[in-house]
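The values are calculated or read from the model by the stated rules, or taken from the named source; none is laboratory data. All values reported here derive from a predicted model rather than from experimental measurement. We place every Cβ from the backbone using ideal geometry, glycine too, and count neighbours over all the protein chains shown. Surface areas here come from the heavy atoms of the whole protein model, side chains and all, with no ligands, DNA or RNA. Shrake-Rupley method; radii C 1.70, N 1.55, O 1.52, S 1.80 Å.
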Amino acid sequence: MAAAAAGGERRGDRGARPRGCGCKGVRSCLLCERERGGGVSGALPPQKPAHFIYCLETGFAVGAEDSAFAGWAFPFPGVTLIRDFVSVEEEAELVRLMDQDDWKLSQSGRRKQDYGPRVNFRKQKLKPGSFDGLPSFSREIVQRMGTYPILERFLPVEQCNLDYHPERGSAIDPHLDDSWLWGERLVSLNLLSPTVLSMSQDSGERLQLLSVAQQRTRSSGPNDPEMGDLSGSPSTRSVSCDQVEVAIHLPARSLLVLSGAARYQWKHAIHRQHIESHRICATFRELSAEFCPGGKQEELGQELLEIALSFQGKPV
């Protein structure tokens, strides 16, 4: 880790930012906030008043017990979480291999390693550039992904490793991943420590809630004798989407797949307070339909896939 950190610090020694800081514009980390003599406005995201927690067993977002929405829930499709996707030994080896290459400084206290084509998302232009494939240590990971039905025919063309640490105040702002180049599924491997992925929307549309009793009825059926009498349960409630935040708890060594509404309608973020110890996330992205067979740029897509799946890459 020391060698990789030293390489990152050399890249960050510029301007008014402290060594080890890669922040630009309005973004900040603990390092540059301390350099300025205290926090900066907006360093922590505003809190959403409606807190929900994603339930893996039911696929619902359930109101937090200590919130005004306790006892209420709504369907939250598009989330798949695979626990213990890698073993403790595999996790340690993956991190060791990542640390053999330099980590570049990034925004908001993160460090990164990119394996992918050179892209200008604003102009929607890309070229292979110096991209020479995903790293060799990801070959077995990608093969294992394909054994799960949700990841059938998942062929990643890009891998981004992000390093988070509480001493840097690491975080990532709410955002939607690009959909011109990247496809339906976003796949992330969470290493070293658990964290929380926070999902939110900017829409002012009303979100219809179900009482927990109704949600259980949907799962168990209205005639389930264990449900008891539900006739006294309140039936309807709604909340503005832009007031809602859904927490998805990610265990260490778990694999997360976002698709559908969770991919395209809900922004995802990692808040600073949810990085309690060192964390590394490896995110894999597939191509959109435009770059797949039958798409307008299928030849370029095939070229990128051949490069990516050679598994001979170094960070670009």
Taking only region 124-149 into account, find how many residues are touching a residue at least 12 places away in the same chain (Cβ under 8 Å) and out of contact with any Lys or Arg (no Cβ under 8 Å at 6 or more places or on another chain).
12
Within region 85-126, track down each residue that is among the acidic types (Asp, Glu) and more than 26 Å from Pro174 (Cα to Cα).
Glu89, Glu90, Glu91, Glu93, Asp99, Asp101, Asp102
The strands (runs of 3 or more DSSP E) lying entirely within region 231-313 that contain at least 2 residues which are buried (at least 20 other Cβ atoms within 10 Å of the Cβ) are 244-250, 255-258, 267-270, 279-287
Of (1) over 19 Å from the mean Cα position of the chain (by Cα); (2) modelled with pLDDT under 95; (3) surrounded by fewer than 17 Cβ atoms within 10 Å (Cβ to Cβ), Pro45 fails just (1)
Qualifying residues in region 162-192 (those that are under 11 Å from the mean Cα position of the chain (by Cα) and among the polar types (S, T, N, Q)) - the one surrounded by the fewest Cβ atoms within 10 Å (Cβ to Cβ):
Ser188
Being in contact (Cβ under 8 Å) with a residue 60 or more places away in the chain and in a helix (DSSP H, G or I) is the filter; apply it to region 91-123 and report the residue that is surrounded by the fewest Cβ atoms within 10 Å (Cβ to Cβ).
Val95
Hits in region 124-146 - residues which are open to solvent by 60 Å² or more (accessible area, probe 1.4 Å) and either of a type in the set (Gly, Ala, Ser) or touching an Asp or Glu at 6+ places or on another chain (Cβ under 8 Å) (or both)
Ser130, Ser136
Might you let me know whether region 210-228 holds any residue that is open to solvent by 40 Å² or more (accessible area, probe 1.4 Å), modelled with pLDDT of 95 or more and in a loop (DSSP other than H, G, I, E, B)?
no
Mind listing whichever residues of region 149-161 are under 19 Å from Gly78 (Cβ atoms) and open to solvent by 70 Å² or more (accessible area, probe 1.4 Å)?
Pro149, Glu152, Arg153
